[in-house]
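Just so it is clear, none of the values below were taken in a lab; they were calculated from the coordinates. Treat the numbers as computed from the prediction; the structure is a model and nothing was measured. Positions of Cβ are generated from backbone atoms using ideal geometry, with glycine treated the same way; all protein chains shown enter the neighbour counts.
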Amino acid sequence: MPAAAPSSWKRLTLAFGNAVLWYPTALKPIKGDASSVSAAEYDGKGNILADLNAMPRQGPETVGAWPAFRVQRLRAESAVSVRVVAQASNLPFCGGRGSCVLDDYVTRIGHHRYSEIVCFVEGRRAASVIVAAAPQSDWTSVSGELQRVTSHTRHGDNQAGNRPQTDHDAESCRHPSFAAWAL
């Protein structure tokens, strides 16, 4: 049976309740776009170790076209190169079904190298995006935790953002399995 987010985790909720981002206490909320919520972890020098972001649908995203849409958007906005490592569609999420892409990219400014899991999830009345990114050099050490965060984010129709309280609630809150991706 799928498990709820760990009880020690904290949450950030999008303004209109489109998504609830549960995150470990090592990460701290940070300022982002007005329509998004974000949390990050930094090392002692101020460098990002992990970065999380949840936002409502921003445009013509669809579950079926998500991987191609994400790569195109990344190239247009901030990356000089993008490499898709894995992708999956029609995944179960708490509050909807979605598609995810795992990619590596290099930023235009500073030529920083990042890896990320980015998922687009549609619920009955709303859709949202979750981004979980880290420097490529740190990806191996943080990817497991970022996968957990991505899979426990609640999307779409759960405006309250509560953890499942009963076995029935937990069963109806399915989480995608990244194991099949061979990450």
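Looking at segment 76-137, what strands (runs of 3 or more DSSP E) fall wholly within it and have at least 2 residues that are among the small types (Gly, Ala, Ser) and farther than 20 Å from SER151 by Cα?
Counting at least 2 such residues, we get 79-93.
Out of all the residues in segment 42-57, which are over 21 Å from VAL121 (Cβ atoms) and in contact (Cβ under 8 Å) with a residue 24 or more places away in the chain?
Listed by number, the residues that qualify are ASN47, ILE48, LEU49.
Take segment 97-141 and flag every residue that is hydroxyl-bearing (Ser, Thr, Tyr) and under 10 Å from the mean Cα position of the chain (by Cα).
SER128
Determine which single condition GLU41 fails, assuming it passes every other condition in (1) of a type outside the set (A, V, I, L, M, F, W, C); (2) closer than 16 Å to ILE130 by Cα; (3) not in a loop (DSSP other than H, G, I, E, B).
Unmet for GLU41, out of (1) of a type outside the set (A, V, I, L, M, F, W, C); (2) closer than 16 Å to ILE130 by Cα; (3) not in a loop (DSSP other than H, G, I, E, B): (2).
Can you name every residue in segment 80-117 that is free of Cβ contacts under 8 Å to residues at least 40 places away in the same chain, among the hydrophobic types (A, V, I, L, M, F, W, C) and either touching a helix residue (DSSP H, G or I) at 6+ places or on another chain (Cβ under 8 Å) or crowded, with 18+ Cβ neighbours inside 10 Å (or both)?
Selection gives VAL82, VAL84, VAL101.
Return the residue satisfying two criteria in turn: it lies in segment 4-23 and is farther than 15 Å from ALA54 by Cβ and either touching a helix residue (DSSP H, G or I) at 6+ places or on another chain (Cβ under 7 Å) or of a type outside the set (Gly, Ala, Ser) (or both), and of such residues it is surrounded by the most Cβ atoms within 10 Å (Cβ to Cβ).
Selected residue: ALA4.
Hey, does segment 48-67 have a residue that's closer than 19 Å to ASP138 by Cβ, over 18 Å from the mean Cα position of the chain (by Cα), not charged (D, E, K, R) and not in a loop (DSSP other than H, G, I, E, B)?
no
Suppose we filter segment 7-25 for residues that are without any contact (Cβ under 8 Å) to a residue 60 or more places away in the chain and either touching a strand residue (DSSP E or B) at 6+ places or on another chain (Cβ under 8 Å) or aliphatic (A, V, I, L, M) (or both); how many remain?
Total satisfying the criteria: 4.
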